[in-house]
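The values are calculated or read from the model by the stated rules, or taken from the named source; none is laboratory data. Note that the coordinates shown come from a computational prediction; the quantities given were computed from them, not determined experimentally. No Cβ is skipped: glycine too gets one built from the backbone with ideal geometry, and neighbour counts run over all protein chains shown. Only protein heavy atoms, including side chains, enter the accessible area calculation; ligands, DNA and RNA are left aside. Shrake-Rupley method; radii C 1.70, N 1.55, O 1.52, S 1.80 Å.
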Amino acid sequence: MVVTRIAPSPTGDPHVGTAYQALFDYIWAKKNGGKFIVRIEDTDRSRYNAESERRILEMFRWLGIPYDEAPDIGGPNAPYRQSERLENYHQYAQQLLEKGWAYYAFETPEELQAIREDLRSRNINLGYDGRARKIPLEEARQRVAAGERHVIRLKSPREGSTLLRDELRGAISFDNAGVEDAVLIKGDGFPTYHLAVVVDDHLMGVTDVIRGEEWIPSAPIHVLLYQAFGWQEPRWIHMPLLQNPDKTKLSKRKGNTSVEWYRKEGIQPEALLNYLGMMGFSMPDGREIFSLQDLTEAFSFDRISLGGSVFGWDKLKWLNAQYIREVLPFETVADRLHAHLQEHGHEVPNDGFFKGVVKLMLPRIEVFSEFWEKTPYFWSDDHAVNEKAQNNINSGQDVLKALLPKLESLEDFSHESTHDLFKAHAEEAGLKLGKVMPPVRAAVAGTMESPDMGEMLRLLGKERVVARIRKAIQ
């Protein structure tokens, strides 16, 4: 059975890169009838944030990526936080010490800094020179027993090479002379990612490790640990990274990387998942709009592009527009938009009028955050009038004065009736229709950027329309 996992660090807002990796972990597991596990890598206690952990799990639920095991639902491999699995890491670190694959090191931060500077001055691309390798294990244990602060480091081979067999890139060879003696247990007793991820993946039966290509430089450390323990390696798949428009790694310095930010802008979870799927994979039939089920059924690693994909706001907005206009049921869109407005402090009833406005505006918005700013005239008679609209009101006073009594006497205020009225007035006054309707639009909406005018007038109703035209004349 295929078992995959995502192991985010709870140190900030959930990143779109985490969602991207989780998506492919999930679809690969489900395509093969397997399990998808969420595990929290919380060994960096100085940066741990319990609220961040909660938001990570909320992100998966909002996106619709169901997991089989996680801290909030438990499972046969519990616990799912590294901080609750410390006994495991110390047990396996001791095994490495006994086998000669690890050693105690006692350098102070100042000594480590001096070592790094010395290595750098000699153009040696390592952070530590391995000097504590020479300390006999019993002597080191006596120093540990005496309370001397220490770490446990991997004793990497100094000769030969280590081979990473990557599913997307083939075999990658690393010269062992360039593989650092990585810290496995830190001075505070917590494991580093290197030890914890290998131990946990093994104990949880992870068969396929799908992660970003930024982990390739660290991969030889993980391969060596599997060899040291005598465990079978998982299948390694290092996915291409999401990129900024300038082809650099996606980062918050150059754009928004928080899934929460996109949710608050009104991006739909189905659209974001669809877009993330497009980042790493192309559907065999070339379509751009597809469901999670479609992606799962069609997925294969041979269609992954290694060049990396640009995560762009404009394309995501376009895709989101397709979902809210064509893919999702209208009632779902209206209910979600109403909830979005409430979350942002805009109280409007979820009634027929609201849904009429939504239906009218959907062709004119791409994300929910655009809705309120484009519809103030539907919710208040005190909406602002912009300069362009005021100019049309000023130049169209004669038109507005002539139309006012006709609109007041109009019994049927339907789209067809008002349009017929404007057309008849244009013919009677010897004007083009394009001279009659703009002053009305300006007077009623306060902007020239409004939807189909007949439908707008019908929704607002005769009383409000007449009152606004009278106000514009005054």
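Being open to solvent by 10 Å² or more (accessible area, probe 1.4 Å), within 22 Å of Y89 (Cβ to Cβ) and in contact with a Gly (Cβ under 9 Å, 6 or more places away or on another chain) is the requirement here; does R5 meet it? Give the derivation first.
Numbers: open to solvent by 10 Å² or more (accessible area, probe 1.4 Å): yes; within 22 Å of Y89 (Cβ to Cβ): yes; in contact with a Gly (Cβ under 9 Å, 6 or more places away or on another chain): no.
No; evaluated as a whole, the condition is false for this residue.
Just one of Y193, Y89, Y128 is of a type in the set (F, W, Y) and modelled with pLDDT of 95 or more; which is it?
Values: Y193 fails: modelled with pLDDT of 95 or more; Y128 fails: modelled with pLDDT of 95 or more.
That would be Y89, the only listed residue that is of a type in the set (F, W, Y) and modelled with pLDDT of 95 or more.
More than 18 Å from E270 (Cα to Cα), without any contact (Cβ under 8 Å) to a residue 24 or more places away in the chain and either open to solvent by 50 Å² or more (accessible area, probe 1.4 Å) or not aliphatic (A, V, I, L, M) (or both): does that describe P71?
On the way: more than 18 Å from E270 (Cα to Cα): yes; without any contact (Cβ under 8 Å) to a residue 24 or more places away in the chain: no; either open to solvent by 50 Å² or more (accessible area, probe 1.4 Å) or not aliphatic (A, V, I, L, M) (or both): yes.
In short, no.
I'm checking my understanding of the structure. Among residues of segment 129-149 that are farther than 24 Å from A177 by Cα and either of a type in the set (A, V, I, L, M) or in a loop (DSSP other than H, G, I, E, B) (or both), which one is least open to solvent (accessible area, probe 1.4 Å)?
A140
Cβ contacts < 8 Å: first residue on the phi > 0 side of the Ramachandran plot, restricted to segment 252-274; second residue modelled with pLDDT of 95 or more and in a helix (DSSP H, G or I), any location; separation 6+ or different chain. Result?
Close Cβ pairs satisfying both conditions: G266/N320; G266/L337; G266/H340; G266/S369; G266/E370; G266/F371.
Would it be correct to say that W236 is assigned to a loop (DSSP other than H, G, I, E, B), closer than 30 Å to L154 by Cα, modelled with pLDDT of 95 or more and open to solvent by less than 60 Å² (accessible area, probe 1.4 Å)?
In short, no.
Taking S218 as the residue in question, decide whether it is of a type in the set (S, T, N, Q), closer than 15 Å to I27 by Cβ, more than 14 Å from the chain's Cα centre (by Cα) and open to solvent by less than 60 Å² (accessible area, probe 1.4 Å).
So S218 fails the test.
Is one or more of the residues making up segment 398-407 outside any helix (DSSP H, G or I) and touching a residue at least 60 places away in the same chain (Cβ under 8 Å)?
no
Check segment 184-201 and report whether any residue there is part of a strand (DSSP E or B), open to solvent by less than 30 Å² (accessible area, probe 1.4 Å) and acidic (D, E).
No, that holds for no residue.
Kindly indicate whether Y80 is surrounded by 14 or more Cβ atoms within 10 Å (Cβ to Cβ), in contact with an Asp or Glu (Cβ under 7 Å, 6 or more places away or on another chain) and under 30 Å from T4 (Cα atoms).
Spelling it out, Y80 is indeed surrounded by 14 or more Cβ atoms within 10 Å (Cβ to Cβ), in contact with an Asp or Glu (Cβ under 7 Å, 6 or more places away or on another chain) and under 30 Å from T4 (Cα atoms).
Filter segment 332-378 down to residues that are in contact (Cβ under 8 Å) with a residue 12 or more places away in the chain, open to solvent by 60 Å² or more (accessible area, probe 1.4 Å) and in a helix (DSSP H, G or I) and give me whichever is nearest to N274 (Cα to Cα).
So, considering only residues that are in contact (Cβ under 8 Å) with a residue 12 or more places away in the chain, open to solvent by 60 Å² or more (accessible area, probe 1.4 Å) and in a helix (DSSP H, G or I), the one nearest to N274 (Cα to Cα) is R336.
Could you please give the count of residues in segment 151-183 that are open to solvent by less than 20 Å² (accessible area, probe 1.4 Å), among the aliphatic types (A, V, I, L, M) and within 22 Å of E213 (Cα to Cα)?
The total comes to 3.
Those residues that are open to solvent by less than 40 Å² (accessible area, probe 1.4 Å), more than 15 Å from the chain's Cα centre (by Cα) and under 28 Å from V367 (Cα atoms), I need them from segment 301-318; list them, please.
Of everything in segment 301-318, just one residue is open to solvent by less than 40 Å² (accessible area, probe 1.4 Å), more than 15 Å from the chain's Cα centre (by Cα) and under 28 Å from V367 (Cα atoms), namely G308.
Could you tell me whether Q82 is without any contact (Cβ under 8 Å) to a residue 12 or more places away in the chain and polar (S, T, N, Q)?
So Q82 fails the test.
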